[in-house]
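Q: Can you keep this structure in mind? I'll have questions shortly.
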Amino acid sequence: AQSVTQLDSHVSVSEGTPVLLRCNYSSSYSPSLFWYVQHPNKGLQLLLKYTSAATLVKGINGFEAEFKKSETSFHLTKPSAHMSDAAEYFCVVSEPRGGNMLTFGGGTRLMVKP
Amino acid sequence: NAGVMQNPRHLVRRRGQEARLRCSPMKGHSHVYWYRQLPEEGLKFMVYLQKENIIDESGMPKERFSAEFPKEGPSILRIQQVVRGDSAAYFCASSPKTGTSYEQYFGPGTRLTVT
């Protein structure tokens, strides 16, 4: 079985300061990992994905994440937060059964203060 | 290329009624997944379908819930005799192939409210 733990349910930063959203996973397989963003009352948008290539993955809107196998982590970062980044962020691991069933973390709500 | 489409976007049902949620995958995608998001929680896998086949329904409640993906037309998630605990956002996703490296594309969701 696999699982995903997002260590912070809420993160608050000031506009222009760095963002760090933490994620740890457990998996019996070589995982594929994703970060999705969900704006209020909207669907989910893929930010970035790791699929066993480069461990530092760059995504959209200036986000990036680093896969660290030794730490079983996949933290999401951004150098400078923007007001439009305020949303819910989900760390997701893909399991090679049932197609590629996704297991979601509990989510981190990012708040950006002016 | 239109994205994943879901309708209705909002659905209100009284306890005991039936809810039917529809999902049209992206063009060329033959793999469909349904997820449920309860308030203040992450998404939970419900079922994975290919055309005319249910591949994995390990996340579906044992009673009242069913899903199909017919040869023609959208995928349908059906909830019979709804109860208040069924109130949630239901998301459909599709992918072109199966495999862990293939991302899933999500629809906007259907928000079901049971009164």
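The values are calculated or read from the model by the stated rules, or taken from the named source; none is laboratory data. Bear in mind the structure is a predicted one, so any value in this text is a computation, not a measurement. Quick reminder, even Gly has a Cβ in these numbers, built from the backbone with ideal geometry, and neighbours come from all protein chains shown.
Q: Anything in the range B:71-96 that is within 14 Å of chain A (Cβ to nearest Cβ) and aliphatic (A, V, I, L, M)? List them, or say none. Let's see the steps before the verdict.
A: We begin by selecting, within the range B:71-96, every residue within 14 Å of chain A (Cβ to nearest Cβ); these are B:75, B:88-96.
Matches in the range B:71-96: B:88, B:89, B:93.
Q: Is one or more of the residues making up the range A:19-26 in contact with a strand residue (DSSP E or B) (Cβ under 9 Å, 6 or more places away or on another chain) and modelled with pLDDT under 95?
A: If we filter the range A:19-26 for residues that are in contact with a strand residue (DSSP E or B) (Cβ under 9 Å, 6 or more places away or on another chain), which is where we start, we get A:19-26.
Next, only the ones that are modelled with pLDDT under 95 stay: A:25-26.
Yes: one or more hits.
Q: Got a sec? Which of B:68, B:41 is more than 14 Å from every other protein chain (Cβ to nearest Cβ) and surrounded by fewer than 18 Cβ atoms within 10 Å (Cβ to Cβ)? Explain how you work it out, then say what you get.
A: Details: B:41 fails: more than 14 Å from every other protein chain (Cβ to nearest Cβ).
Within the list B:68, B:41, the selection yields B:68.
Q: Same structure, new question: Which members of the range A:8-22 meet the condition of being in a loop (DSSP other than H, G, I, E, B) and over 13 Å from the mean Cα position of the chain (by Cα)? Can you show your working first?
A: Of the range A:8-22, the ones in a loop (DSSP other than H, G, I, E, B) are A:8-9, A:15-18, A:22.
Of everything in the range A:8-22, those that are in a loop (DSSP other than H, G, I, E, B) and over 13 Å from the mean Cα position of the chain (by Cα) turn out to be A:15, A:16, A:17, A:18.
For (1) touching a His at 6+ places or on another chain (Cβ under 9 Å); (2) over 17 Å from residue A:44 (Cβ atoms); (3) charged (D, E, K, R), each residue gets a yes or a no:
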site	(1), (2), (3)
B:7	no, yes, no
B:26	no, no, no
B:44	no, no, yes
B:56	no, yes, yes
B:83	no, yes, no
B:104	yes, no, no
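Q: Has the range B:72-84 got at least one residue that is out of contact with any Ser or Thr (no Cβ under 9 Å at 6 or more places or on another chain) and under 28 Å from residue A:93 (Cβ atoms)? Quick ask: steps written out before the conclusion?
A: First, the residues of the range B:72-84 that are out of contact with any Ser or Thr (no Cβ under 9 Å at 6 or more places or on another chain): B:72, B:81-83.
Then keep just the ones that are under 28 Å from residue A:93 (Cβ atoms); that gives none.
Checked the range B:72-84: no residue is out of contact with any Ser or Thr (no Cβ under 9 Å at 6 or more places or on another chain) and under 28 Å from residue A:93 (Cβ atoms).
Q: Could you tell me whether the range A:76-95 includes any residue that is within 20 Å of residue A:11 (Cα to Cα), among the polar types (S, T, N, Q), surrounded by fewer than 21 Cβ atoms within 10 Å (Cβ to Cβ) and within 10 Å of the chain's Cα centre (by Cα)? So that I can check it myself, show each step before the final result.
A: Residues of the range A:76-95 that are within 20 Å of residue A:11 (Cα to Cα), as a first pass: A:76-92.
This time we only want the ones that are among the polar types (S, T, N, Q), so: A:77, A:80, A:84.
Right, trim to surrounded by fewer than 21 Cβ atoms within 10 Å (Cβ to Cβ) and you get A:77, A:80, A:84.
Checking the rest, the ones that are also within 10 Å of the chain's Cα centre (by Cα) come to A:77.
Yes: the range A:76-95 contains one or more residues that are within 20 Å of residue A:11 (Cα to Cα), among the polar types (S, T, N, Q), surrounded by fewer than 21 Cβ atoms within 10 Å (Cβ to Cβ) and within 10 Å of the chain's Cα centre (by Cα).
Q: Here's another thing I want to ask about it. Just one of (1) facing chain A (nearest Cβ under 8 Å); (2) buried (at least 19 other Cβ atoms within 10 Å of the Cβ); (3) not in a loop (DSSP other than H, G, I, E, B) trips up residue B:55, so point out which.
A: So residue B:55 meets the others, but not (2).
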